[in-house]
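J.: Questions regarding the structure given below will be posed in turn.
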Amino acid sequence: MNKFFISTPLGFEKNVLEEMKEAWPYLLGKDSKTHSMAFPEVELLDGGLEFEADPFAAVQLNFFLKSANRILMRMTSFRTKDLPKFYQKFKALPWREYLVHGKVEWEVAAQKSRINNEKRLQESAEKALNELFNIKSTQETAHFVSCGSIYIRMEDDLCTISLDSTGEHLHKRGWTVLKGEAPLRETTAAYLLRATIGETTPGELSKITLFDPMAGSGTFLTEARGLWQGQFQREYAFQKWKKTPKLFISPTFVFNYDLPASKIFKAFVGTDLDEKMVKISGANFDSVEAQIKAQEKEDFKASKVQWVHQNCFEGSFIPEAPLWMILNPPYGERLSSEGVGGLKTLAFKLTAKYSPEKLGLLFPEKEKLMAPPPGYQIEKELKINNGGLRCLYTLLKREGSL
Ligand SMILES: C[S@@+](CC[C@H](N)C(=O)[O-])C[C@H]1O[C@@H](n2cnc3c(N)ncnc32)[C@H](O)[C@@H]1O
């Protein structure tokens, strides 16, 4: 058993725990069959969750968590105020079991500690690693590709050393590749979609059309399509570990997962003012569909999807009800210059025109909606950091709808 830390955006911790609980029963055991390990005890912290588990199970969470940042394997944690002790402790760790050579990337953060100098911490750790791997000069490893990332955190003289199991941030799904201006992070989109879905059952969901009237690169729709799918199209750091189970480097391991049929909306519709974005979002969605098709094989059912080039306030196209709308419009100047004011006008116009059962809007927090449009109530308000901007996700629900 090892300790693991899943880092998450602030506020997403409980949601990630829910995702972890959903994924857990489908993980594989060492015999390549669905495992039966008990769900671990999880401690919720600010910005992440910590738990103890068999690494074989824990690293697989990388395939399934949609709103987490990354999964770190804790190597050790100890108190120290002096560098020689840090060096000894670091060197005693079983790096040779995980790393294929000594060239790694470093993430070092130190604060409120006697050893506050991040550069010196890294140099000390590098020295230890070089000795372990018999590296005499940096030239020897110059042509090596990094084989992992080591995280060192020193806070209040408590040193925590971790090995990253993820690699590229988890918002990189390995599917959507083309982006427009101000695209939403996939992790944020997944979080907001799950908050919108709430307790809605798969049966109810299968009757609803999900509509993003300002779709941009289509993040909401592509995430909604892949919400209950694994992300198997990309590489994870643990797949490069020396002792990574052979299973996870086999090109066909994904077929060992006995995943449930995906919960899915009846249809997906995206519109955008910008013709280029309509093409981009269409291509991104197709790429998700292609991956799901490869995974699901004969169980695969193509989604009903439609992309329309139109101004959502003036265009004549209205998707089939019952509708849920979700969007992150451009903020500030751009939207007002197109004749539409802030959040209030946007919410009133969209509900009047499309009568959605739900309308989720991600907008700067300073423009909080004081009163919902007629016939609607505010179901949820969630604070979100969207690319450094404090935003509020306002979810409106039509009165009398499910
Ligand atoms: C912030 S981006 C949306 C980003 C998107 N969620 C993504 O992840 O890529 C806003 C989008 O709204 C589109 N837009 C702005 N005004 C619009 C309007 N009146 N009708 C339709 N689309 C509009 C813009 O062209 C832009 O692609």
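J.: Hey, among the residues in segment 15-44 that are more than 21 Å from the chain's Cα centre (by Cα) and among the acidic types (D, E), which one's modelled with the highest pLDDT?
T.: Selected residue: E41.
J.: Applying the selection to segment 305-319, what residues are farther than 23 Å from Q231 by Cβ and part of a strand (DSSP E or B)? Give the steps one after another, and end with the answer.
T.: Start the filter on segment 305-319 by keeping residues that are farther than 23 Å from Q231 by Cβ, which leaves 306-319.
Of everything in segment 305-319, those that are farther than 23 Å from Q231 by Cβ and part of a strand (DSSP E or B) turn out to be Q306, W307, V308, H309.
J.: Hey, another quick one. Just checking: which of the strands (runs of 3 or more DSSP E) contained wholly in segment 28-139 hold 3 or more residues that are surrounded by 19 or more Cβ atoms within 10 Å (Cβ to Cβ)?
T.: Numbers: elements: 42-45, 48-53, 70-79, 105-111.
Because the criterion is at least 3 residues that are surrounded by 19 or more Cβ atoms within 10 Å (Cβ to Cβ), the strands (runs of 3 or more DSSP E) in segment 28-139 that meet it are 48-53, 70-79.
J.: Any residue at all in segment 206-224 that is assigned by TED's automatic domain parsing to the domain that holds V305, without any contact (Cβ under 8 Å) to a residue 60 or more places away in the chain and surrounded by fewer than 21 Cβ atoms within 10 Å (Cβ to Cβ)?
T.: no
J.: Ok, one more. Looking at segment 112-123, I want the residues that are at pLDDT below 95 and have a partner that is in a helix (DSSP H, G or I) with Cβ atoms under 6 Å, at least 6 apart or on another chain. Which pairs are those?
T.: I115/L83
J.: Please specify each residue of segment 301-327 satisfying the condition of being exposed (fewer than 15 other Cβ atoms within 10 Å of the Cβ) and more than 16 Å from the ligand (Cβ to nearest atom).
T.: K301, A302, K304, E320, A321
The values are calculated or read from the model by the stated rules, or taken from the named source; none is laboratory data. All values derive from a computational prediction rather than experimental measurement. FYI the Cβ positions are ideal-geometry reconstructions off the backbone, even for glycines, and counts take in every protein chain you see.
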